[in-house]
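Remarks on the structure that follows.
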Amino acid sequence: MEGSAQVPANDEEELFDTGSLPCVSERAAAEEAAPTNGQVLLKMVNIHKWFGRVHALRGVNFTVHRGEVVGLCGDNGAGKSTLIKVASGYHTADEGQIFFEGREVKLRSPKDARALGIETVYQEQALCPHLSIARNIFMGREPTTLLGLIDQRTMNKESMEALASMGLRLRSPHALVSALSGGQRQGVAIARAIHFKAKLVILDEPTIALSVKEVREVLDFVRHLRDQGVAVVFITHTLHHVFSVADRIVVLAHGCNLVDVRTKDTDVDELSDIIARGTLGDAVPTTQHAR
Amino acid sequence: MQRRLGQGLWLSFISTPLVFIITFLIFWAFSPGHRFVDPRNLAAIAKLTPDLGVVALGIGVLMICGEFDLSIASVLPLCSFLFAQLLIAGVDPFAALALMVPVGASLGLLNGVLVTRTGLPSFIITLSMLLFWRGVLYVVSGLMPISILPYVPTNSDFAHFLTGQVGSVPAQLLWFLGIAVVLGIVLHLGRFGNWIYATGSNPDAARAMGIDTHLVKIVCYMIVGALCAFAGIMQATRLGSFTASQGIGFELKAVAAVVVGGVSLRGGVGNMLGIALGVFIIQIIDNGLILLQVPVFGVNTFIGLAVILFVIINNLANRQFAEQTT
Ligand SMILES: Nc1ncnc2c1ncn2[C@@H]1O[C@H](COP(=O)(O)OP(=O)(O)O)[C@@H](O)[C@H]1O
Ligand SMILES: [Mg+2]
């Protein structure tokens, strides 16, 4: 922690100076991460990821407990999307271990992650705009009849049920996704996760480009998930959005852990300040409340 | 609510049939002596359309998954040439057909693998293959037609099988409709069809949901290749010979037909009924304009205008559909 004060503030310089170093000070912070009630669901340890010469994740630790809502924050390019893409099997880590429900797991594809109960709603359009709501919810997992054809009736019925369970009332399962509002699209993507009994739902920037009303809708979806005992990782760089729903907030900076704190032990101003500076600095003592 | 949804669906699926009927009525009314609806003329349309039509059905499916194939115009005559060579070598025509369909599919496989592996636009890859196979064909065939009549005479079983009549209906038309129905079932009722739409609509989302989009594209290319082989052989059987000019112009005509049938160039949009009717619309315009004594070279001008007009109509219908279902 003391070391972190010496990290140069200049982005360029920092990339070069610490690019190949592990995140020593931040790792210490992560190990003291504020635990929340409940068992550990997902535990990612010392995750590294390179894209060519870009060291996008430099030894990140990340833990999610059962039924917990975790806000994952940090500036653009901090590595949030990369981290969750590792957790959802879209990227494989170059180094590090992943544990799910206590067992070490290897996630080689999104299929592996989904089989465990990890569902991800990606920042880049998670849906196919030209397809109906029902066909989107069941995409890649279409139920079939005895003849091997798609069981459209089951698909329609169950997709409307999944949407209703989140308080989302849409006119018809046949409606095309291109005709939905941004909030409704997030709802459809989340309904997909609910229907397939996810234990952990990861939302990458679900509130980006949404109106105030739609943001509120999405936050309601997150509460619905939590009420059903589903853990949620909610990525955003708008702290206000995550503060009202998250139990815990994790901040990444330049591919390292920066902060891991219970929401009730901090406030928006303090965290915004840390994210803006990209280092803990003086804020360390107040945000580090291990247990 | 139900009613509005019904209307929207109705509009998106009916726009191409409507255009088809209107085109048909126009030529009926204005062709000299109503020659357009003369049974002989209709029979000629029914026999000629499937040559392009069978290939266009595959192109429609491929374009829904977001890719192009310009190489069809060379793959088709190449398969026809190889078919003729097999016959000359003494292979039974049915066996030769059964051999050539997988060969066509392999040529499609090559396209698919090149497109998905290189990540280059399929327009470029298949344009190269169009030129490549054309060149190969010219070298191996020397541009000389090869008569296949000695091996498949007009009254042979094989000729009846591909180009005969069932009652008064030409066999070609039945093949075309049969293939359209099979592909329609795959596209609209099967799981693979949903993956085709998903791949064309948003490949990132499709991949994230565990769909192997590369495999989907490769299979679609293989369907196109197999249909090229079939169409090439069907055409050669009708003509009684392989000719090097087979397939010329198909690469663009197929796109025109499919687009008129309501398929989007950007993928994810289209249906099998529209694709099948699109082919007929193009052929009817072609045939009808000639009956109206429009000079052959002027026909393309009208087809060009018609394509633009129909695409505008389809776009309006699709937008209406999207709005009315929410
Ligand atoms: N597919 C990729 N190829 C190359 N570099 C990437 C790729 N994905 C992310 N990066 C790089 O990794 C870093 C972290 O990106 P990302 O995880 O998207 O950040 P965030 O989601 O926090 O904004 C950035 O420097 C970004 O440019
Ligand atoms: Mg991101």
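Some observations on this one:
- Any hit, the stretch A:152-159, residues being at pLDDT 90 or above, buried (at least 22 other Cβ atoms within 10 Å of the Cβ) and facing chain B (nearest Cβ under 9 Å): no
- Exactly one residue among B:Leu48, B:Leu62 is within 26 Å of A:Cys128 (Cβ to Cβ), part of a helix (DSSP H, G or I) and touching a helix residue (DSSP H, G or I) at 6+ places or on another chain (Cβ under 8 Å), and that residue is B:Leu62.
- Only one entry in B:Ala96, B:Ala73, B:Ala105 is over 30 Å from B:Gly262 (Cα atoms) and at pLDDT 95 or above, namely B:Ala96.
- Look at (1) under 16 Å from the mean Cα position of the chain (by Cα); (2) within 14 Å of chain B (Cβ to nearest Cβ); (3) away from ligand 1 (no atom under 16 Å from the Cβ) and you find that A:Phe196 fails only one, number (1).
- Of note, A:Thr92 satisfies the criterion of being within 17 Å of the chain's Cα centre (by Cα), open to solvent by 40 Å² or more (accessible area, probe 1.4 Å) and not aliphatic (A, V, I, L, M).
- B:Leu177 vs. criteria within 19 Å of the chain's Cα centre (by Cα) and open to solvent by 60 Å² or more (accessible area, probe 1.4 Å): yes
- Here A:Phe196 fits the description: surrounded by fewer than 21 Cβ atoms within 10 Å (Cβ to Cβ), in contact (Cβ under 8 Å) with a residue 12 or more places away in the chain and out of contact with any Lys or Arg (no Cβ under 6 Å at 6 or more places or on another chain).
- Between B:Thr213, B:Thr199, the distinction of being farther than 22 Å from B:Gly274 by Cβ and of a type in the set (S, T, N, Q) belongs to B:Thr213 only.
- Residue within the stretch A:70-87 that is within 16 Å of ligand 1 (Cβ to nearest atom), among the acidic types (Asp, Glu) and in contact (Cβ under 8 Å) with a residue 60 or more places away in the chain present: yes
- Selection of the stretch A:125-138 for residues being in contact (Cβ under 8 Å) with a residue 24 or more places away in the chain, within 23 Å of the chain's Cα centre (by Cα) and facing chain B (nearest Cβ under 7 Å) yields A:Ala126, A:Leu127, A:Cys128, A:Pro129.
- Scanning the stretch A:237-256 for residues that are modelled with pLDDT of 90 or more and within 13 Å of ligand 1 (Cβ to nearest atom) gives A:Val250, A:Val251, A:Leu252, A:Ala253, A:His254, A:Gly255, A:Cys256.
- The helices (runs of 4 or more DSSP H) located wholly in the stretch B:191-241 that include 1 or more residues which are hydroxyl-bearing (Ser, Thr, Tyr), within 14 Å of chain A (Cβ to nearest Cβ) and surrounded by fewer than 24 Cβ atoms within 10 Å (Cβ to Cβ) occupy B:213-239.
- Those helices (runs of 4 or more DSSP H) of the stretch A:75-192 in which at least 3 residues are among the aliphatic types (A, V, I, L, M), within 16 Å of ligand 2 (Cβ to nearest atom) and touching a Ser or Thr at 6+ places or on another chain (Cβ under 8 Å), considering only elements entirely within it, cover A:80-87.
- Residues of the stretch A:205-221 satisfying the condition of being crowded, with 22+ Cβ neighbours inside 10 Å and within 16 Å of ligand 1 (Cβ to nearest atom): A:Pro206, A:Thr207
- A:Arg169 vs. criteria among the basic types (Lys, Arg), open to solvent by 10 Å² or more (accessible area, probe 1.4 Å) and facing another protein chain (nearest Cβ under 8 Å): no
- Filtered by the rule that a residue be more than 20 Å from A:Val245 (Cβ to Cβ) and either without any contact (Cβ under 8 Å) to a residue 60 or more places away in the chain or more than 16 Å from ligand 2 (Cβ to nearest atom) (or both), the stretch A:52-69 gives A:Gly52, A:Arg53, A:Val54, A:His55, A:Arg58, A:Gly59, A:Asn61.
- Just one of the listed residues (B:Ile185, B:Ile179) is more than 14 Å from chain A (Cβ to nearest Cβ) and within 26 Å of B:Ala46 (Cα to Cα), and it is B:Ile179.
- Of the set (1) open to solvent by 10 Å² or more (accessible area, probe 1.4 Å); (2) more than 9 Å from chain B (Cβ to nearest Cβ), all apply to A:Ala113 but (1).
- Residues that are surrounded by fewer than 18 Cβ atoms within 10 Å (Cβ to Cβ) and within 14 Å of chain A (Cβ to nearest Cβ) were ranked within the stretch B:292-325; the one that is modelled with the highest pLDDT is B:Asn315.
- Subset tally (residues that are within 14 Å of chain B (Cβ to nearest Cβ), of a type outside the set (Asp, Glu) and within 16 Å of ligand 2 (Cβ to nearest atom)) for the stretch A:200-235: 2
The values are calculated or read from the model by the stated rules, or taken from the named source; none is laboratory data. Note that this is a predicted model, so its numbers are computed, not measured. Methodologically, a virtual Cβ is constructed for each residue, glycine included, from the backbone with ideal geometry; neighbour enumeration extends over all protein chains shown. Calculation scope for accessible area: heavy atoms of the full protein, side chains included, ligands and nucleic acids excluded. Shrake-Rupley method; radii C 1.70, N 1.55, O 1.52, S 1.80 Å.
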